[in-house]
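Trainee: Dropping the structure in here first, questions after.
Derivation of every value follows stated rules applied to the coordinates shown; laboratory data play no part. Since the structure is predicted, the reported quantities are computational estimates derived from the model, not experimental observations. Every residue, glycine as well, gets a Cβ built from its backbone with ideal geometry; the counts of neighbours run over all protein chains shown.
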């Protein structure tokens with residue numbers, strides 16, 4: 001989605017906020033309960049109401065509007081799917097390692113996904 005299209009910006013922000021969980025009960029916000037109330041530069045202000053417990057709040061979202069390269073998404077090939085079957089299950093240590101990596105990562109998502117590594121043996 002192109003964030004720079006001004007007509008789609010409020011919808012984009014609502015979809016972004018819909019991924020956030022209520023601080024009180026942990027339920028994700030529904031699109032109908034998210035209201036964009038303002039914008040100042042890169043800062044978007046939204047009012048939310050939890051559909052589960054009724055808690056109300058404000059969410060501030062900082063969204064930089066920089067043009068980035070397109071990311072191509074495709075279905076996995078048969079070879080890739082077979083390769084996934086050979087992988088071990090994701091363990092809690094794997095999740096913690098990824099958390100540490102992302103916490104220190106200084107870059108954007110497109111760059112991260114386009115980076116290639118040599119397979120580990």
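Trainee: Would you kindly identify the strands (runs of 3 or more DSSP E) lying entirely within the range 9-64 that contain at least 2 residues that are touching a residue at least 40 places away in the same chain (Cβ under 8 Å)? Walk me through how you get there before you give the answer.
Mentor: Working: elements: 34-40, 43-49, 56-62.
Passing ranges, in order: 56-62.
Trainee: Restricting to the range 84-112, name every residue that is assigned to a loop (DSSP other than H, G, I, E, B) and loosely packed, with under 10 Cβ neighbours inside 10 Å.
Mentor: Initial filter on the range 84-112 (assigned to a loop (DSSP other than H, G, I, E, B)): 86-91, 105-108.
Once the filter is applied, which keeps residues that are assigned to a loop (DSSP other than H, G, I, E, B) and loosely packed, with under 10 Cβ neighbours inside 10 Å, the range 84-112 yields 86, 87, 88, 89, 90, 91, 106, 107.
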